[in-house]
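The values are calculated or read from the model by the stated rules, or taken from the named source; none is laboratory data. If you're wondering where the values come from, they're calculated on a predicted model, not measured in any experiment. Glycine gets a Cβ as well: all are built from the backbone with ideal geometry, and neighbour counts include every protein chain shown. Side chains are part of the model used for accessible areas, which takes the heavy atoms of the whole protein and leaves out ligands, DNA and RNA. Shrake-Rupley method; radii C 1.70, N 1.55, O 1.52, S 1.80 Å.
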Amino acid sequence: MEEINLKEMFDYFLSKKLYIILITIVCILTGFVYFRFFKVPMYKSYTTILLTKGSDVNQITSNDITLNKNLVDTYREIIKSRKVINKVINNLNIDYNFESLSKEISVSSINDTEIIKISVSDRDSKIAMDVANETANVFNSEVVKLYNIQNIGIVDEAVEEESPYNINMLKTLLISFFIGIILSFGVVFILFYFQLLL
């Protein structure tokens, strides 16, 4: 196996700098075309809800807080349930089924608190907002039916976002640039290595 001389390799890379530049430019242009014509903008809206004791908030005890924290995981499953999501679809009259809409909804608790965050991602910013708010409303009514308690309060209602969260031209071009550099260096190194074998 031939030993690699670093100076020879460096000189070879310099002699192939045009290849490196061209491959990098192609990768950047590919990233730009993907960003401009194929990247689907997605919008995210969220609402947060708080587990409370109800209207008698002045008499909330530590036991109530512990109970609510224990209910967070259960409530997360209810929010993502077929019953809730199908009712959201019907109420908003949107062209989704349970499987497609459930993929757009994510539910999380905030820092081990009694606050639950319902996030919705969609290519339509208004639908993302409407689904988030309606999910919270439907969930609230279902909790009353299931537990016969009213312990849900809305902290923040979802708002319509103006900018997509997954679109970043600079980030896309930077990633394309680094991919181009890595790919071009890899191609030139392979050419150099096979030249040693000849």
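I'd like the carbon and sulfur percentage of the solvent accessible area for the chain, probe radius 1.4 Å, heavy atoms only, ligands and nucleic acids excluded.
58
For helix 17-33, what angle does its Cα long axis make with the longest principal axis of the chain, in degrees from 0 to 90 and rounded to 10?
20
Can you work out the accessible area per residue across segment 67-198, with the rest of the protein chains kept in place, probe 1.4 Å, in square angstrom?
On the way: 7800 Å² over 132 residues.
Accessible surface, normalised per residue, equals 59 Å².
On C-alpha positions alone, give me the angle between the axis of helix 62-79 and the longest principal axis of the chain, in degrees, nearest 10.
Long axis of 62-79 versus the principal axis of the chain: about 60 degrees.
Extension gain Q195-F10, at 0.36 nm per residue separation less the Cα-Cα distance, in nm? Numbers along the way, then the final one.
Details: separation 185, 0.36 × 185 = 66.60 nm, distance 1.39 nm.
Gain on stretching Q195 to F10: 65.2 nm.
Mind ranking M169, M129 by accessible surface for me, highest first, 1.4 Å probe?
Details: M169 65, M129 35 Å².
If we order M169, M129 from most to least accessible, we get M169, M129.
Using amide H atoms built in the peptide plane, which far-off residues or other-chain residues are under 5 Å from I154 H to H?
L50
Determine, from the Cβ-Cβ distance of E157 and F37 and an R0 of 30 Å, the FRET efficiency 1/(1 + (r/R0)^6), rounded to the nearest 0.05. Provide the component values of the computation, followed by the final result.
Details: r = 35 Å, r/R0 = 1.16.
Efficiency computed from Cβ-Cβ geometry: 0.30.
Residue-wise, which Karplus ³J(HN,Hα) couplings in Hz belong to segment 121-130, taking 6.51 cos²θ - 1.76 cosθ + 1.60, θ = phi - 60°, and x for glycine or proline?
10, 7, 6, 9, 5, 6, 4, 4, 5, 5
Please list 3J(HN,Hα) in residue order for segment 137-142, calculated via the Karplus relation 6.51 cos²θ - 1.76 cosθ + 1.60 where θ = phi - 60°; whole Hz, with x for glycine and proline.
Per residue, the Karplus-derived 3J(HN,Hα) values read 5, 5, 4, 4, 5, 6 Hz.
Between L29 and F98, how high is the FRET efficiency from 1/(1 + (r/R0)^6) when r is the Cβ-Cβ distance and R₀ = 35 Å? Nearest 0.05.
In this case the efficiency is close to 0.30.
Relative contact order, percent, of the chain when contacts are C-alpha pairs under 8 Å separated by at least 6 residues? Spell out each step's value before the answer.
Values: 257 pairs, mean separation 78.5, N = 198.
So the answer I get is 40 percent.
Angle between the Cα long axis of helix 82-92 and the longest principal axis of the chain, 0 to 90 degrees, nearest 10?
Roughly 90 degrees, rounded to the nearest 10.
Using Cα pairs under 8 angstrom and six or more residues apart, how large is the relative contact order of segment 75-174, in percent? Each step should come with its number before you reach the end.
On the way: 87 pairs, mean separation 23.4, N = 100.
Reported as a whole number, the value is 23 percent.
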